[in-house]
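Single-structure report; data block below.
The values are calculated or read from the model by the stated rules, or taken from the named source; none is laboratory data. Note that the structure is a prediction, hence the values are computed from the model and not measured. Here the Cβ positions follow ideal geometry from the backbone for every residue, glycine too, while neighbour counts run over all protein chains shown. Side chains are part of the model used for accessible areas, which takes the heavy atoms of the whole protein and leaves out ligands, DNA and RNA. Shrake-Rupley method; radii C 1.70, N 1.55, O 1.52, S 1.80 Å.
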Amino acid sequence: MFELLKDSEYDFAINIVEILQKEHKDIFEICEPFMISAKYLKTNDESILENTSSIVLEGVKKILKAVEKPNNENS
């Protein structure tokens, strides 16, 4: 999942998480930070982060930091 986000494959990552959440309801909580991260990275919509619970947001921030590209790679 990290590699998909690093490679800007946000739609693919979202699709995978949606499938996992449907097929394996017991891992919904594990998948949620990845879903939110992918949606945020795709849109850069700050309201996605603002509307996320603090518990989930902690995981999201770790994911975003892990997939963050250096400024010279953003082009």
query: In square angstrom, rounded to the nearest 10, how much accessible surface does residue 58 have for a 1.4 Å probe?
result: 110 Å²
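Keeping all protein chains in place, calculate the accessible area per residue for the chain (probe 1.4 angstrom), answer in Å².
72 Å²
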query: Considering only protein heavy atoms and a 1.4 Å probe, what is the carbon-and-sulfur percentage of the accessible area of the chain?
result: 51 percent
statement: The local net charge around residue 4, scoring Lys/Arg +1 and Asp/Glu -1 for residues other than residue 4 whose Cβ lies under 12 Å from its Cβ, equals -2
- request: Under 21 Å between C-alpha atoms is the cut-off here; go through the chain and count lysine pairs that meet it, provided they're at least eight residues apart or on different chains.
  value: 17
statement: Over all directions, the chain yields a Cα convex hull whose mean projected area in nm² is 5.0 nm²
